[in-house]
Amino acid sequence: MFGSWWVGLDLSPASALVSEATRAEVQGVVERYEWMGNLPDNCSRYAKLTFDGNVAGAVAFSRSGFGGSFTYLGNEAWKLARGVTLHWAPTWASSALISRSLRLLFDDPTFVVAFSDWEAGEVGTVYQASGWVYLGHRPSLEWASPSGERKDASFHKVRVVSGSKHRRTGATATREQYDAAARDMLDNGWSFRRVIRGKYATVAGRRGRERRHLEALLAEQAKDYPRRAGGVNGARASHTSEEGGVRSPDRAPLTDGPAL
C-alpha cells in the first residue's frame, strides 16, 4: 500500500483494539520500526494495537535478563523491553497501548518498570500520560556501533548465545567467551558507553490487597516528573515523537534499559 492509505481508517478510541500477539507478529513490527531494531530473546509477553485489522503498534515485556529474574523492592518485576507505534497512529495510541496491554497480559499483581532515553531528550511523556510513577534517573551502559546503532549492554552476550552451537545444544557460555566477544566488538569499532536514563514503574494485575500493597510501596518511591525544557544535562529532544506517541520515522523508543 502506498501514500496515506490509512486516511480512510476509523482511528477513534472506540476502534482501537489491543490484543495478545505472538512473538512473530511483534518481531516484524519492532525490527522494522523500533529504534533499536531488534526483539530480545528474553521477551515472553506481547500485545499489539490494531485498527480495522491494521497493526498500529506493538509492545514486548521481559521477565528476566542475563543476571536472572527481575525484581524491584524485593518483589517480582517485569520490564517493558520494546514498544513502538507507527507514524500514522493517533497521538494517544502509545499510552493506550501500554495501559491496555498491562490489563490484558498481567493477572497476578506485579511491578512493571520502563526506561526513557534522556540522551535523546525523552523524558517519559508517554509514561506520565499513563500515570506511571517516576523513580528518578540512573546511569546505564550500552553498546554503540561505528554507524551509531545502539544496543543493550548485554548485546555482546546475546551474540555469543545466539550462535548456532548454543541454540542447538543449549550450552552455557563462559565468562571468557563473553569477554572475547566484547573485545572483538571493541576491536571492530564498537564503543561501550555510559548513558543516563529515566526510570518509571507501575503496578499491573488484578485489584485487591496485594496490588494495593505494591502500589503503596511504589508511592513511597515517587519523584516529581521531569520536564522536557532543555532536556537533561543539556540534552535536547531530537524529535517530538514521544509527545504524540512513538513515531516510526524517528525510530524512537518507548523504553530501553538494563536489569531493574
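Below 14 angstrom from the Cβ of Arg206, what's the summed charge of the other residues (Lys, Arg +1; Asp, Glu -1)?
Numbers: positive: Arg103, Arg207, Arg209, Arg211, Arg212; negative: Asp107, Asp108, Glu210, Glu215.
Local net charge: +1.
Rounded to the nearest whole Hz, the Karplus-based 3J(HN,Hα) values (6.51 cos²θ - 1.76 cosθ + 1.60, θ = phi - 60°) of the range 31-48 follow the sequence 5, 8, 10, 7, 4, 7, x, 8, 10, x, 5, 7, 6, 9, 10, 9, 8, 9, with x at glycine and proline.
Can you tally the net charge around Glu176? Count Lys and Arg as +1, Asp and Glu as -1, for every other residue whose Cβ sits under 13 Å from the Cβ of Glu176. Net of charged neighbours comes to +1.
Do any of Lys48/Lys223; Lys199/Lys223; Lys48/Lys199 go past 21 Å between their Cα atoms, and which? Please report the intermediate quantities before stating the final value.
Working: Lys48/Lys223 30 Å; Lys199/Lys223 10 Å; Lys48/Lys199 23 Å.
Over 21 Å Cα-Cα: Lys48/Lys223; Lys48/Lys199.
Which aspartates and glutamates have a Cα lying under 16 Å from the Cα of Lys151, excluding residues fewer than 8 positions away in the same chain? The reachable aspartates and glutamates, counting only those whose Cα sits under 16 Å from Lys151, are Glu31, Glu34, Asp41, Asp117, Glu119, Glu142, Asp184, Asp256.
Taking amide H positions as modeled 1.01 Å from N, with prolines and chain starts lacking one, no residue 5 or more places away or on another chain lies under 5 Å from Leu39.
With the Cα gyration tensor of the range 68-135 giving a ≥ b ≥ c as the square roots of its eigenvalues, does the rule (a/c under 1.5 for rounded; else a/b larger than b/c for prolate; else oblate) give rounded, prolate or oblate? The shape class here is oblate. A cut-off of 5 Å between modelled amide H atoms, ignoring neighbours fewer than 5 places along the same chain, links Arg45 with Phe61.
Every number here is computed from the coordinates shown, using simple stated rules; none is lab data. In this text, all values refer to a predicted model and were calculated from it rather than measured experimentally. Heads up, the Cβs are rebuilt from the backbone with ideal geometry, glycines too, and the neighbour counts pull from every protein chain shown.
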